[in-house]
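Okay, so here's the structure we're looking at.
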Amino acid sequence: MNDLITIGNTQFTAKTLDGKPVLTFRDIDAIHHRPEGSARKRFNDNRQRFVEGEDFFVLDQPSEIRTLGIQRP
């Protein structure tokens, strides 16, 4: 899980959930050079167009969050 991935000019740590690659909102903002919170805002504006479990996953278990190395505010 310490693999580094480069997209464009942005390098970040690869994350997987149940063997599938995932990106966090923070990763997406960094890749697109947008202010932090931009991806979350756009996602929330369009959430009705996405399918939970297919297009996005909700992590509410502390063990899942720690496994991906995500820190809660």
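Here, each number is a calculation from the coordinates, and none is a lab measurement. The shown structure was predicted, so the numbers you read here are calculated from the model rather than taken from an experiment. Glycine also receives a Cβ, built like all others from the backbone with ideal geometry; neighbour counts cover every protein chain displayed.
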Practice problem: Please list 45-56, 26-37, 7-18 highest first by mean number of surrounding beta-carbon atoms within 10 Å per residue. | Solution: 26-37, 7-18, 45-56
Quiz item: So, in nm, how far is label Asp60 from label His32 when the simple model puts each one 7 Å beyond its Cα toward the Cβ?
Solution: 2.6 nm
Quiz prompt | Extension gain (nm, one decimal) between Glu52 and Ala14, 0.36 nm per residue minus Cα-Cα | solution = 11.5 nm
